[in-house]
Amino acid sequence: MSEKRLRIAVIIGSVRDGRFGPVVAKWFLEQLREHSDLEVDALDLIEVPLPMALPAFGAQPTGETAEVAKSVKERLAAADAFVVITPEYNHSYPASLKNLIDWHNVEWHAKPVAFVSYGGLSGGLRSVEHLRPVFAEVHATTIRDAVSLHNVWGQFDQNGDPTDPAGTNGAAKVMIDKLKWWADALKEARTKSPYTS
Ligand SMILES: Cc1cc2nc3c(=O)[nH]c(=O)nc-3n(C[C@H](O)[C@H](O)[C@H](O)COP(=O)(O)O)c2cc1C
């Protein structure tokens, strides 16, 4: 592991009214605090609404969109790795995440992406399986080990603490350790030789 700190952007994908996502995000961000070698940027998509209409090829966003688009772009570009926190909607991931992915391209290149998914019975696994080929298209590497929270409403108590801390925190640790390995390896590779697509 290099001495320089790795920068991880944690993307909170749900923007639904009354969303459960912040409970999951709060718990996961606490898990990251155990890793002093990481610098964490929590990117909550509800705070940075990107319009569904993408800019024309080669054009820059204008008006009110310009500022938010610039800030999201910069935050993704600064990240060495990503964690996507995604719910499952109708056997897939929410449109907010697809929009974020499509708004960007080089910002994802040659960087690892890990997942924390949640939902009903499937724990958001179908969202993750749909996200993997999408991230491959933007030259990102997805991490095998993921955190999956089935019937998510029962996974946290009233304080937002996990009801099965050994299982839930343990799964997060395995995933974060793998993400750090990839983030470090790919950061070194990008530094040695800029990635071209
Ligand atoms: C439109 C919609 C579709 C859903 N479809 C599924 C589904 O296919 N599979 C599943 O396990 N849960 C499904 N759920 C349950 C969600 O995964 C669950 O409510 C979760 O808390 C949603 O995340 P959020 O509260 O952060 O938006 C669905 C929920 C919504 C709102």
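The values are calculated or read from the model by the stated rules, or taken from the named source; none is laboratory data. It should be emphasised that the depicted structure is a prediction, and the values quoted were computed from it without experimental measurement. FYI the Cβ positions are ideal-geometry reconstructions off the backbone, even for glycines, and counts take in every protein chain you see.
Among (1) exposed (fewer than 15 other Cβ atoms within 10 Å of the Cβ); (2) without any contact (Cβ under 8 Å) to a residue 40 or more places away in the chain; (3) among the aromatic types (Phe, Trp, Tyr), which single condition is Phe135 missing?
So the condition that Phe135 fails would be (1).
Under the condition of being among the acidic types (Asp, Glu) and farther than 15 Å from Val147 by Cβ, which residue from segment 102-132 is surrounded by the fewest Cβ atoms within 10 Å (Cβ to Cβ)?
Top of the filtered list is Asp102.
Enumerate the pairs (first residue in segment 11-34 and aromatic (Phe, Trp, Tyr); second residue anywhere and within 13 Å of the ligand (Cβ to nearest atom) and part of a helix (DSSP H, G or I)) with beta-carbon separation below 8 Å, excluding pairs fewer than 6 apart on the same chain, so at least 6 apart or on different chains.
Phe20/Val152; Phe20/Trp153
Just one of (1) exposed (fewer than 13 other Cβ atoms within 10 Å of the Cβ); (2) aliphatic (A, V, I, L, M); (3) under 22 Å from Pro165 (Cα atoms) trips up Ala53, so point out which.
(3)
Search segment 14-39 for residues being more than 14 Å from Val147 (Cβ to Cβ) and among the aliphatic types (A, V, I, L, M), and hand back the single one that is nearest to the ligand (Cβ to nearest atom).
Applying the filter and picking the extreme gives Val15.
Any residue in segment 161-187 that's charged (D, E, K, R): show its pairings with residues that are at pLDDT 95 or above and buried (at least 19 other Cβ atoms within 10 Å of the Cβ) at Cβ separation under 7 Å, as long as the two are six or more apart or on different chains.
Taking only residues 6 or more apart or on different chains, the pairs are Lys178/Ile143; Lys180/Leu6; Asp184/Leu6; Lys187/Leu6; Lys187/Asp80.
Going through segment 154-197 one residue at a time, which ones are of a type in the set (A, V, I, L, M, F, W, C), closer than 24 Å to Val23 by Cβ and surrounded by 12 or more Cβ atoms within 10 Å (Cβ to Cβ)?
Once the filter is applied, which keeps residues that are of a type in the set (A, V, I, L, M, F, W, C), closer than 24 Å to Val23 by Cβ and surrounded by 12 or more Cβ atoms within 10 Å (Cβ to Cβ), segment 154-197 yields Phe156, Ala171, Ala172, Val174, Met175, Ile176, Leu179.
Please specify each residue of segment 26-45 satisfying the condition of being in contact with a Pro (Cβ under 9 Å, 6 or more places away or on another chain) and surrounded by fewer than 16 Cβ atoms within 10 Å (Cβ to Cβ).
Hits for segment 26-45: nothing passes.
Give me the residue from segment 143-170 that is closer than 13 Å to Tyr118 by Cα and assigned to a helix (DSSP H, G or I) and, out of that set, nearest to the ligand (Cβ to nearest atom).
Val152
Going by the structure shown, is Ala42 touching a strand residue (DSSP E or B) at 6+ places or on another chain (Cβ under 6 Å), more than 13 Å from the ligand (Cβ to nearest atom) and at pLDDT 95 or above?
yes
Just to be sure, is Gly123 modelled with pLDDT under 95 and either more than 12 Å from the chain's Cα centre (by Cα) or within 30 Å of Lys192 (Cα to Cα) (or both)?
Considered against the rule, which asks whether it is modelled with pLDDT under 95 and either more than 12 Å from the chain's Cα centre (by Cα) or within 30 Å of Lys192 (Cα to Cα) (or both), Gly123 comes out as no.
Working only within segment 45-54, note down all residues that are more than 15 Å from the ligand (Cβ to nearest atom) and in contact (Cβ under 8 Å) with a residue 12 or more places away in the chain.
Of everything in segment 45-54, those that are more than 15 Å from the ligand (Cβ to nearest atom) and in contact (Cβ under 8 Å) with a residue 12 or more places away in the chain turn out to be Val48, Pro49, Leu50, Pro51, Met52, Leu54.
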